[in-house]
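To start, the structure itself, in structure tokens.
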């Protein structure tokens, strides 16, 4: 199969997984994010050859960004363009924080090959998201811990914490955004 | 935390996502921005006393059409710039058409006027205050638009801030049309445009700081 053909099937398959994920299908969404992490890793590793330690942290930051901004994906739009724009934004943001685009080892603008490269060898992330999670206030941390780490339903988490079901949902949503903000502030 | 654990964390316990987030946020922002600018205009400036006669004149509607077209084009820009990877094609022509059309009307008006009347067509009665009043009326929409955009995902921050500012300037200008007595195309093509560009420039400067995510 040509590179282009392979990319088109990746595009279609990933788009299908994301669309089902947006409809609430957790297994499809997890498969989407898992595959996305390999493309993000390849993309960042190639461009951050001088900052190899940053790669896995940036993969995680970009995954969190994709998750928090998934409501901006429009099914009429190529998924490649959407994901690439987020990955590039997070890469530029990192380089801006580190003050220096000269650290870049490969051009950022080739969105077409985004899905043709993948890297499944995850290094250890240096930043511990678990520790950042501990910094969140209880009204955000507890909903995330119960519904996402322990796998309770919203109703069960509400009963356990004495919070209302909508407070649980809001807490998860705000907590994930707060986690992204902590990452931005911490590095 | 390993990346696989993060993926599991992200995917677990999420319901379905509401669609058309951008449309809903900007609809809410526009309602707030227009109503607040309207109240501000009524409270501080007041409606022009001859509004009933003015609405019969074609130039009144040309002015409204010009500002409304700017609002529509900048809304298109704002929607595109709120979404990662969206293309900007047709945004620039959409913005250029109303400006060029008003400048064409202005050229006709200036060419048809006596030389000593031209300065009057250009400066109108209120040129010095018009841009600042448009900028003032754009403030509520400016805040509302930036709120809406912060909940989405702009990746070109200075450009997104410019578009957000231009949209709020056009909304401010639209409300200002109900107060402003000036109807001459050279005036509108200059001072209304400057009025809309003040919040656009402010948005360009604030974009990177305010819109970062």
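Every number in this text was worked out from the coordinates using simple rules, so none of it is lab data. Just so it is clear, the structure is predicted and the values come from calculations on it, not from any experiment. Here the Cβ is made from the backbone with ideal geometry for all residues, glycine too, and neighbour counts use every protein chain on show.
Points to keep in mind about this one:
- Principal axis extents of the C-alpha atoms in region A:10-58 (largest first, rounded to whole Å): 39, 19, 11.
- Long-range tail of P(r) for region B:1-120 (Cα pairs > 21 Å, %): 66 percent
- Site pair residue A:99 and residue A:184 shows an inter-label distance of 2.1 nm when each label is modelled 7 Å from Cα along Cα→Cβ.
- Choice from A:169, A:131, A:69 with maximal GNM fluctuation in chain A (Cα, 10 Å cutoff): A:131
- Three-way shape call for region A:2-93 based on the alpha-carbon gyration tensor, with the a/c threshold at 1.5: prolate
- Of the residues B:92, B:174, B:193, the one that moves most in a GNM of chain B with alpha-carbon contacts below 10 Å is B:92.
- Region B:91-156 shape via C-alpha gyration tensor axes, a/c threshold 1.5: oblate
- For residue B:126 and residue B:114, the difference between the fully extended length at 0.36 nm per residue and the C-alpha to C-alpha distance is 2.2 nm.
- For chain B, the 222 nm mean residue ellipticity estimated from helices alone, with every DSSP H stretch of n ≥ 4 adding -39500 (n - 2.57) and the total spread over all residues, rounds to -22500 deg cm²/dmol.
- Rg/Rh for the protein assembly as shown, where both radii come from Cα atoms and Rh is the Kirkwood radius: 1.07
- Label-point separation in nm, residue A:164 to residue A:108, each point 7 Å along Cα→Cβ: 4.2 nm
- Relative to the longest principal axis of the Cα atoms of chain B, helix B:21-40 runs at roughly 40 degrees.
- Along each principal axis, Cα extent of region A:92-164, largest first, Å: 51, 29, 22
- Inter-label distance for residue B:92 and residue B:52, nm, one decimal - labels placed 7 Å from Cα along Cα-to-Cβ: 4.8 nm
- Sorting the Cα pairs of chain B by distance into bins of 5 Å, from 0 upward, gives 1, 7, 14, 17, 17, 13, 10, 7, 5, 3, 2, 2, 1, 1, 0, 0 percent per bin.
- Our analysis of region B:147-191 gives Rg over Rh at 1.15, with the two radii drawn from alpha carbon positions and Rh computed by the Kirkwood formula.
- Listed residues B:139, B:175, B:91, most fluctuating in chain B (Gaussian network, C-alpha, under 10 Å): B:91
- Rg(Cα)/(2.2 N^0.38 Å) for region B:47-89, N = residue count: 1.74
- For region B:170-213, the spherically averaged projection of the C-alpha convex hull amounts to 3.5 nm².
- Cβ-derived FRET efficiency at R0 60 Å, residue B:194 paired with residue A:27, nearest 0.05: 0.60
- With only the Cα atoms considered, chain A has a convex hull volume of 120 Å³ per residue.
- With Cα atoms, 0 to 90° folded angle of helix B:58-81 axis to chain B main axis: 20 degrees
- In region B:123-200, the C-alpha radius of gyration followed by the widest Cα-Cα span (Dmax) gives 13.3, 43 angstrom.
- Region A:133-185: proportion of alpha-carbon pairs further apart than 17 angstrom, %: 26 percent
- Between the helical axis of B:130-150 and the longest alpha-carbon principal axis of chain B there is an angle of about 10 degrees.
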